[in-house]
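Okay, structure first, notes after.
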Amino acid sequence: MSIKKYLASIEDLSNQKIVLVGGTSGIGLSFLKFLVKKNAYVILLARNIKKAEAIVEDLNYKNIDIIEYDQSSYSSIKKGIDALLEKYPSVDSIVLNAGVISRIKDLMEGHPYSIGVNYYGVRYFIEYIAPKLTSRTKIIVQGSLVAGFHLNKKTDINSNNFKTFKEYNISKMCVEAYTYKLMKENPYPNIDFVLTEPGITSTSITRDLDSFLKHVGKVFVSTFFHSVNKASLTLLEAVTSRASHGSYIVPRGLFTISGYPKYKKFPKKRIREFLIK
Ligand SMILES: NC(=O)c1ccc[n+]([C@@H]2O[C@H](COP(=O)([O-])OP(=O)(O)OC[C@H]3O[C@@H](n4cnc5c(N)ncnc54)[C@H](OP(=O)(O)O)[C@@H]3O)[C@@H](O)[C@H]2O)c1
């Protein structure tokens, strides 16, 4: 299979309005370019408006809009959603791809920063928007294979004394467990929840790490893992009509690190209901 062949298997999306959070860099930016190729109407929710505008100008594509949104603040999430729904009362899909691996030690709304942005931000978004959505909508959450790592049940996720990666891993364990709960319990019958993972690819998500780790990591990841374009295909698969409520989509390669999308059963050990309080 080639990316070209995979893209040919994807339907035209010109009748789709797709909201994309985290489309200004890395995996989200690649995904955005594929959405443009497939003629979708895209609403970008972005924290850096100038950066988003420069991307849109570069794309030279008219069916795209930008709304200011910062997932590190509940008031900004609320403001972004209010602005979105005022202009677009119904959309087809919402892709929650924004994520950080951050060394910031300030709390985000009372939570360790990365756990705040990657989990509590996503959860706040869903709980605020879901009751307001009246038409059928798909919400796609970006997870990570690190959600499969070990976690001691007694870990206090709000203790704010984690090493940078451990905090990131916990944020992804939480967001996957939360999305699975929504898929299983289906509290919003008009919303289809889909969970994706991109595998591993080199992006600027490592920007906050110290420069040795960042450099070695970048070389290692770009040599042994897959391209950012391939890593964005699970998101593309998720917006197609092939993905439905409860779909869990990961790369098909060994340990789901790389490869074209495949549908999988959510692993039992990741259910971790104790994380969702
Ligand atoms: N790279 C990997 O190997 C890998 C593996 C597993 C999972 N993931 C997940 O894939 C997603 C994308 O990661 P990436 O590797 O593409 O990273 P990236 O290049 O750093 O992109 C992250 C995106 O999230 C946005 N973002 C970050 N904080 C935000 C905030 N507070 N409010 C709004 N937007 C915010 C960024 O906006 P700016 O452009 O303004 O910075 C950017 O668009 C993340 O959820 C990550 O956890 C990545």
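The values are calculated or read from the model by the stated rules, or taken from the named source; none is laboratory data. Note that this is a predicted model, so its numbers are computed, not measured. Using ideal geometry, Cβ is built from the backbone for each residue, glycine included, and neighbour counts are taken over all protein chains shown. Just so you know, the surface numbers come from the protein's heavy atoms only, side chains and all, with ligands and any DNA or RNA stripped out. Shrake-Rupley method; radii C 1.70, N 1.55, O 1.52, S 1.80 Å.
Fully extending the segment from HIS215 to ALA83, taken as 0.36 nm per residue of separation minus the present Cα-Cα distance, adds 43.6 nm. Only Cα sites of the range 141-233 enter the Debye sum here, all with the same form factor; the resulting log10 I(q)/I(0) across q = 0.18, 0.24 1/Å is -0.97, -1.26, listed in q order. Beyond 18 Å, what share of the Cα-Cα pairs of the range 27-94 remains, rounded to the nearest whole percent? The share of Cα pairs beyond 18 Å in the range 27-94 comes to 38 percent. The figure for GLU11 is an accessible area of roughly 60 square angstrom, using a 1.4 Å probe on the protein chains alone.
When only alpha carbons are used to place a centre, the range 203-277 and the range 121-160 end up 15 Å from one another. Summary value for the chain: 18 percent relative contact order, contacts being C-alpha pairs under 8 angstrom separated by 6+ residues.
Over the residues of the chain, the helix contribution to mean residue ellipticity at 222 nm works out to -11000 deg cm²/dmol, using -39500 (n - 2.57) for each DSSP H run of at least 4. Packing around the peptides 220-226, 93-99, taken as the average count of other Cβ atoms within 10 Å per residue, puts them in this order, highest first: 93-99, 220-226.
Couplings for the range 258-274, taken from phi via the Karplus curve 6.51 cos²θ - 1.76 cosθ + 1.60 with θ = phi - 60°, read 8, x, 6, x, 9, 8, 9, 7, 5, x, 4, 5, 8, 5, 5, 4, 4 Hz in order; Gly and Pro are left as x. For LYS79, the lysines whose Cα falls under 16 Å of its own Cα, not counting residues fewer than eight places away in the same chain, are LYS87, LYS132. A probe of 1.4 angstrom, applied to the heavy atoms of all protein chains, finds ASP208 with accessible area near 60 square angstrom.
Karplus-based coupling profile of the range 2-7, in residue order and whole Hz: 10, 4, 4, 5, 4, 4, with θ = phi - 60° in 6.51 cos²θ - 1.76 cosθ + 1.60 and x standing for Gly or Pro. Taken along the Cα-to-beta-carbon direction at a fixed 7 Å, the label points for THR134 and GLU11 span 2.5 nm. Close Lys pairs in the range 156-219, defined as Cα atoms under 23 Å apart and 8 or more places apart or on different chains, number 10.
Over the chain, the hull volume per residue, using the convex hull of the C-alpha atoms, is 129 Å³. In order along the range 137-151, the phi-based Karplus estimate (6.51 cos²θ - 1.76 cosθ + 1.60, θ = phi - 60°) of 3J(HN,Hα) comes to 9, 9, 10, 10, 10, 8, x, 6, 5, 5, 5, x, 5, 5, 9 Hz; Gly and Pro are listed as x.
Considering only THR164, THR155, THR24, the mean-square fluctuation computed in a Gaussian network model of the chain, springs between alpha carbons under 10 angstrom, is largest for THR155.
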